[in-house]
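Report on the following structure.
Here, each number is a calculation from the coordinates, and none is a lab measurement. Because the structure is predicted, anything quoted here is derived from the model rather than measured. All Cβ positions, glycine included, derive from the backbone under ideal geometry; neighbour counts span all protein chains shown.
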Amino acid sequence: MDTEAQRADFRRHFILLVLKIFLCPTSQQTISPWHIPPILDVTNPNRFNWAHKTFKWLRLAIDKFQSKNHESCGGCMFALLVYCNV
């Protein structure tokens, strides 16, 4: 990664991968509008409150799962495991 554009592109792909696979996963094959803001400006990823975003996404996924009788539940199961073990 020689240029700043290449570094930004790598950050963008890395953040999207981490969000979609680990922090805010969905059962859909597409990204959610929630995944968009962190990848638009990747100059300072520290400005996002990743823990808040992750737990809010999990809470919404649990609410959706309970209210609509879905077969699967989205959200970060790793965060749920840590929360339940505390």
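Taking only the C-alpha atoms of the chain, the Rg (one decimal) and the largest Cα-Cα distance, Dmax (whole number), read 14.6, 49 Å. Computed from backbone phi, the HN-Hα couplings of the stretch 21-36 come to 8, 10, 7, 9, x, 10, 8, 8, 8, 10, 7, 8, x, 5, 7, 6 Hz, rounded to whole numbers (Karplus: 6.51 cos²θ - 1.76 cosθ + 1.60, θ = phi - 60°; Gly and Pro given as x). Each Cα pair under 8 Å and six or more residues apart adds its separation to the average, and for the chain the resulting relative contact order is 31 percent.
Phi angles of the stretch 3-15 translate, via the Karplus equation with coefficients 6.51, -1.76, 1.60 and θ = phi - 60°, into HN-Hα couplings of 10, 5, 5, 5, 5, 5, 5, 4, 4, 4, 5, 5, 4 Hz per residue; Gly and Pro are given as x.
Beta carbons within 10 angstrom, averaged per residue: use that to sort the peptides 27-37, 72-82, highest first.
72-82, 27-37
Shown is the FRET efficiency for residue 10 and residue 70, computed with R0 = 35 Å from the Cβ-Cβ distance and rounded to the nearest 0.05: 0.55.
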